[in-house]
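Report on the structure given below.
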Amino acid sequence: VSTQSTWDTISKERMERSLKVAIVGGSGACGRELILKLDKNPAYGKAKVFTRRILEEWGTLTNKEKFEFIQVANLDGMKTWDKTQFEGYDTFFCCLGGRTGNGKAAFFKSDYTYPVEFAELCKASGVPHYSIISSMGVSSSSWFQYLKVKGQADEAIMALNLPFTSIYRPGILLNRRNDDRFGEKVVKAERVGEVMALEAQYYHLKAPVKPTGSRIYTNDEILHWALQ
């Protein structure tokens, strides 16, 4: 299914509906791609982006009026954020991802504390959909810190029982859009951002019956995802 034709079809059918979303992790590889997809997608009318740094590329977005970039030193204060600012919002996107090389405490904060607290804020604000990038092979019982922490975060988020949670578990993730060295064994960051945007759009605007609970997308499902 052509993503452009999908956007055009949904836009024509639901012109009266404009999606509002909030994003953390927008300056990362997948977060940057997600923002580019939202910029071009007419179904999205408002995106509030909480970020430590404002990227130069955001100044060249076609529909800059859609975006509100809010610069924050860190995400430590999420629990105190004013929830009324998210009234009428549809989806929270979490594209956070740290490196274990930065230390255990820093990695735990970026890949467990912040994603879980953002999900808690999503629930407390009455936002029906939470969408997060995880990783292939995660498990709360793993011996590897990276997989264990992400697995713990996934479990904690699912335990919140939001109306609907989308968890993306790509394998090897490429930052460069023109890197085809590994063929279809990897997922490009561009593809993850694309599917996150389309899946949330489908959930809110197209699904005949809205799904509930949690939906985990595997690497293959991300690669070959298309609206039915």
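The values are calculated or read from the model by the stated rules, or taken from the named source; none is laboratory data. Remember, it's a predicted structure, so these values are computed and weren't measured experimentally. In this analysis, Cβ positions are derived from the backbone assuming ideal geometry, glycine residues included, and neighbour counts consider all displayed protein chains. Note: areas computed on protein heavy atoms with side chains; ligands, DNA, RNA excluded. Shrake-Rupley method; radii C 1.70, N 1.55, O 1.52, S 1.80 Å.
Before moving on, here are some points about what is shown:
- A simple charge model with +1 on the Cβ of Lys and Arg, -1 on the Cβ of Asp and Glu and nothing else charged puts the dipole of the chain at about 220 debye relative to its Cα centre.
- Selection among Asn74, Ile23, Phe164 by position relative to the dipole of the chain gives Asn74 as farthest towards the positive end (Cβ unit charges, Cα centre).
- In the chain, a dipole from Cβ-located charges (positive for Lys and Arg, negative for Asp and Glu) runs towards its positive end, and of Thr113, Gly101, Thr84 it is Gly101 whose Cα lies farthest in that direction.
- Charging the Cβ of each Asp and Glu at -1 and of each Lys and Arg at +1, and nothing else, the dipole of the stretch 79-122 about its Cα centre rounds to 340 debye.
- Percent carbon-and-sulfur accessible area, the stretch 17-76, ignoring ligands, DNA and RNA, probe 1.4 Å: 45 percent
- Accessible area of the chain divided out per residue, in Å², using a probe of 1.4 angstrom: 49 Å²
- Protection-proxy order for peptides 139-149, 121-131, each taking the mean of Cβ atoms within 10 Å per residue, highest first: 121-131, 139-149
- The chain, relative contact order [Cα under 8 Å, separation at least 6], %: 20 percent
- Net charge of Cβ neighbours under 11 Å - reference Pro128; Lys, Arg +1; Asp, Glu -1: +1
- Working note: 222 nm ellipticity from helices only, DSSP H runs with n ≥ 4, each -39,500 (n - 2.57), summed and divided by the residues of the chain, gives -9500 deg cm²/dmol to the nearest 500.
- The chain - convex hull of alpha carbons, volume per residue in Å³: 130 Å³
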